[in-house]
Amino acid sequence: MSNETSTSFRNNIPKFMMLGGIVALTVLATLKLQNWSGLLFCLGIFMTGSYLAWLLSESNVSTSEDSKGDTSKDKGTCELYAFGRFLTVLTAMAATTQWQEMNLIAWIGLALFIFGVLFRLNAINTLGRFYSHRVRLVGEHRIIDTGPYRYVRHPAYTGMLTAHFGFVLFFYNPWAMGAFLLVLLPAVVMRIKVEEVALYELEGYSTYADAHKRIVPLVW
């Protein structure tokens, strides 16, 4: 397989995983929610529908990956990160939710999910053409310090983790929480460290990094 073919294949993996995730989430959500009723059922439809809409809203990034070139800086973190993301969501849908009606934890989960998705989409929109599902530097790559990048260096990951934590709280079961804490969270931390090796190549990034935490202000 030529380098060009290999790069094209790797660039398309996020798209294939997204499509598979959409199908699996739709099936599992149908099986889970058919046994729910009342407000919990309505909000369960909202949560799963919103998650599917979120995936579709980022599909344009997946379809444009081929035009962004080299993927060697990614070091396979895209696949690990995507695996952790879908494992968390699908486990939340596949295993039995621990409650049968809305409660404080479920409401908190709903609020965190909405905030996280909006925060992430704002970060992606702010980064514009420099955003990619894979770790890479595109042409004329520069530091962005506006919008949510005023607060943290990786707001898209902040939003993604917040949204998935909220999703787990809403559909809570210990398996989903385990997938979030033991797979998705470490995958994001690993990806950030790989990504920053590339970002430190940018002029001025070191100064920007010194003044901003990675994903949680004042913490890390």
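Only residues that are within 13 Å of residue 158 (Cβ to Cβ) and touching a Gly at 6+ places or on another chain (Cβ under 8 Å) were counted across the stretch 100-128, and they come to 11.
Conditions tested, residue by residue: (1) without any contact (Cβ under 8 Å) to a residue 24 or more places away in the chain; (2) aliphatic (A, V, I, L, M).
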position	(1), (2)
111	no, yes
115	no, no
120	no, no
144	yes, yes
188	no, yes
194	no, yes
209	no, yes
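Any residue that is over 13 Å from the mean Cα position of the chain (by Cα) and on the phi > 0 side of the Ramachandran plot - is there at least one of those in the stretch 147-170? Among the residues of the stretch 147-170, at least one is over 13 Å from the mean Cα position of the chain (by Cα) and on the phi > 0 side of the Ramachandran plot, which makes the answer yes. Residues that are hydroxyl-bearing (Ser, Thr, Tyr) and surrounded by fewer than 19 Cβ atoms within 10 Å (Cβ to Cβ) number at least 2 in the following helices (runs of 4 or more DSSP H) confined to the stretch 114-220: 205-211.
Residues of the stretch 161-209 that are modelled with pLDDT of 95 or more and of a type in the set (A, V, I, L, M): 161, 163, 168, 169, 176, 177, 179, 181, 182, 183, 184, 185.
The values are calculated or read from the model by the stated rules, or taken from the named source; none is laboratory data. In this text the structure is predicted, and so the values were computed from the model without any measurement. Positions of Cβ are backbone-derived with ideal geometry, glycine not excepted, and every protein chain shown enters the neighbour counts.
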